[in-house]
1. Condition (residue is within 17 Å of Phe125 (Cα to Cα), surrounded by 12 or more Cβ atoms within 10 Å (Cβ to Cβ) and among the basic types (Lys, Arg)) applied to segment 199-209: is it met by at least one residue?
2. Select, from Ser178, Ser94, Ser103, the only residue that is touching a residue at least 60 places away in the same chain (Cβ under 8 Å), touching a helix residue (DSSP H, G or I) at 6+ places or on another chain (Cβ under 9 Å), surrounded by 15 or more Cβ atoms within 10 Å (Cβ to Cβ) and among the small types (Gly, Ala, Ser).
3. Mind checking which residues of segment 146-172 are of a type outside the set (D, E, K, R), free of Cβ contacts under 8 Å to residues at least 40 places away in the same chain and surrounded by 14 or more Cβ atoms within 10 Å (Cβ to Cβ)?
4. Determine whether Val116 is farther than 20 Å from Phe157 by Cβ, modelled with pLDDT of 95 or more and either among the β-branched types (Val, Ile, Thr) or in contact with a Gly (Cβ under 9 Å, 6 or more places away or on another chain) (or both).
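The values are calculated or read from the model by the stated rules, or taken from the named source; none is laboratory data. What you are looking at is a predicted structure, and each value in this text was computed from that prediction instead of being measured. Cβ: placed from backbone, ideal geometry, glycine included. Neighbour counts: every protein chain shown.
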Amino acid sequence: MVQERLPQEKKVCWSLRLWSVAVISILLLSTCFIVSCMVTYKFTMDQSNKRLSELHTYHSSLTCFSEGTRVTEKVWGCCPSPWKSFGSSCYLISTKETVWSKSEQNCVEMGAHLVVINTEAEQNFIIQQLNESLSYFLGLSDPQGNGKWQWIDNTPFKQNVKFWHPNEPNFPEERCGSIVFWSPGGWGWNDVFCNTNRNSICEMSKIYL
């Protein structure tokens, strides 16, 4: 009887060990997952707090909009006042006329850059904010005057949308892009001299909370 019971006891013992290993493995994986989530959340919050701190350096107040939910938390997209919100960006129409390089510098000092237009919807939103009697610098330039236009944030120009006025760009020495209203065609892009004074449009990424 003793000899018959020993193999059975060994089987039970091995089963218990296997279950113990499985339970411990699951607990370890669960712990790793929870720690990973906490680290990711902390990193995201640290990034958000850092971005908020940077924005508050240049802007006295922020306006936040509810943009749905992410799992169990609300998502708020924030823009400085009086910047305009569209998509994942904030926009400011500058009323100060200056040259292209200074316009970009002014945007950078506010944590932004000259606007980069990626879609027709974005263009349509922007032109609703503009004055038809003015011309506005874009974050678009052709530094060498050889037709190789580029966006200020390195967005690929060839693959991107384009809204040039008919027969534009047309002059190699005009190396900066602007958006302007021409009758009867409406709003479109035009190449202009970079050292002329114009209004501009700044764009920055929203901060999400």
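1. yes
2. Numbers: Ser178 fails: touching a residue at least 60 places away in the same chain (Cβ under 8 Å); Ser103 fails: touching a helix residue (DSSP H, G or I) at 6+ places or on another chain (Cβ under 9 Å).
Criteria check complete, one pass: Ser94.
3. Start the filter on segment 146-172 by keeping residues that are of a type outside the set (D, E, K, R), which leaves 146-147, 149-152, 154-157, 159-161, 163-167, 169-172.
When the remaining residues are screened for being free of Cβ contacts under 8 Å to residues at least 40 places away in the same chain, the result is 146-147, 149-151, 154-157, 159, 164-167, 169-172.
Across segment 146-172, the qualifying residues are Trp149, Gln150, Trp151, Thr155, Phe157, Trp164, His165, Pro169.
4. Working: farther than 20 Å from Phe157 by Cβ: no; modelled with pLDDT of 95 or more: yes; either among the β-branched types (Val, Ile, Thr) or in contact with a Gly (Cβ under 9 Å, 6 or more places away or on another chain) (or both): yes.
For Val116, the condition - farther than 20 Å from Phe157 by Cβ, modelled with pLDDT of 95 or more and either among the β-branched types (Val, Ile, Thr) or in contact with a Gly (Cβ under 9 Å, 6 or more places away or on another chain) (or both) - is not met.
For (1) of a type in the set (A, V, I, L, M); (2) modelled with pLDDT of 95 or more; (3) surrounded by 15 or more Cβ atoms within 10 Å (Cβ to Cβ); (4) closer than 25 Å to Lys84 by Cβ, each residue gets a yes or a no:
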site: Gln129; (1), (2), (3), (4): no, yes, no, yes
site: Glu132; (1), (2), (3), (4): no, yes, no, yes
site: Tyr136; (1), (2), (3), (4): no, yes, yes, yes
site: Leu140; (1), (2), (3), (4): yes, yes, yes, yes
site: Glu174; (1), (2), (3), (4): no, yes, yes, no
site: Gly185; (1), (2), (3), (4): no, no, no, yes
